[in-house]
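For reference, the structure is listed below as structure tokens.
What follows draws every value from the coordinates through simple rules; no lab data is involved. Being a predicted model, the structure only gives us computed values, none of them experimental. Using ideal geometry, Cβ is built from the backbone for each residue, glycine included, and neighbour counts are taken over all protein chains shown.
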Amino acid sequence: MIEINLLPGAKRKRGGKGAGLKLPDVEQLLTVVKDPWLMAGVSGWVLVTLVLAVFYLPKRSAVADLRPQLEAAKREEVRLQAVLRTKAEAEAKRESLTTQINAIRDIDRERYIWPHILDAITTALPVYTWLDEITPRAAADSAEAAGGGVALQITGKSADIQAVTRFIRNLEESPFLQNATTIQTGQVNEQGRNVFTFVLNVRYQRPDTTLLTMQPLAATLVQGVRSGGGRPGR
């Protein structure tokens, strides 16, 4: 159907649902958008979004990939802690055993002091000289007491006064004895013969280990049997 507008200059009214809808003013919108602060804010949010998209998302994926390695590292840490505890316990046991072994060695060294002393005195004794007594004694002075060890006094007789001098010299040459000094000498008559008496002081010293040859007890017994010194009992 054709409609003719009989009123020139009058605009035709449109009916329908969109009769009251107004379109935004484009010029006003452009004016608002041209505000520098608003543009800076919008640009900032856009930039932040781009940065997150470029850097955060790949890093998040990389972190997710590293989680299995982190779990494996934690398990390895637990295992190493157990190993360290075992090592610490082993070292503590070793220190305890070392202390006990050193104590046993000290006791073992002290056990052979008097056999060494008697053997050294017997070896140093000249001919025509005999001993009456060997007794432990207290330290003669503070210096001797500070030195520690075993101090003893030797009482004996000799048919020759020169033998007493040789006896003192032989005692000094022993690696087990030191500080051999004459305390008293005299002369007595025994069975119609004049003999010389003497009293000596001497100290035990720990010998240099390079001068000693250590042998097990079993080897010593075997050597004694081979030399005819005796046979072990059955």
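Can you give the local net charge around PHE196? Use residues other than it whose beta-carbon is closer than 12 angstrom to its beta-carbon, Lys and Arg +1, Asp and Glu -1.
Residues close to PHE196 contribute a combined charge of 0.
So, counting K/R as plus one and D/E as minus one, what does the shell of residues with Cβ under 15 Å around ILE134 add up to? Could the numbers behind the result be given before it?
Numbers: positive: ARG137, LYS157, ARG203; negative: ASP119, ASP132, GLU133.
Spelling it out: positives minus negatives among the neighbours equals 0.
For LEU70 and VAL51, calculate 0.36 nm times their separation in residues minus their Cα-Cα distance, and state this gained length in nm to one decimal. Present the calculation step by step, with values, prior to reporting the outcome.
Details: separation 19, 0.36 × 19 = 6.84 nm, distance 2.69 nm.
That pair, LEU70 and VAL51, stretches by 4.1 nm at full extension.
Could you run the Karplus curve 6.51 cos²θ - 1.76 cosθ + 1.60 with θ = phi - 60° over segment 163-172 and give me ³J(HN,Hα) per residue in whole Hz, x for Gly and Pro?
5, 5, 5, 5, 4, 5, 5, 5, 4, 5
For a quick check: sort VAL199, VAL188 by the number of other beta carbons within 10 angstrom, fewest at the front. If you can, show how the numbers build up before the last one.
On the way: VAL199 16, VAL188 10.
Ordered from fewest to most neighbouring Cβ atoms within 10 Å, VAL199, VAL188 come out as VAL188, VAL199.
Hey, can you grab everything whose amide H is under 5 Å from the amide H of VAL150? Only 5+ residues off in sequence or another chain; H modelled, so Pro and N-termini drop out.
Placed amide hydrogens put TYR204 under 5 Å from VAL150.
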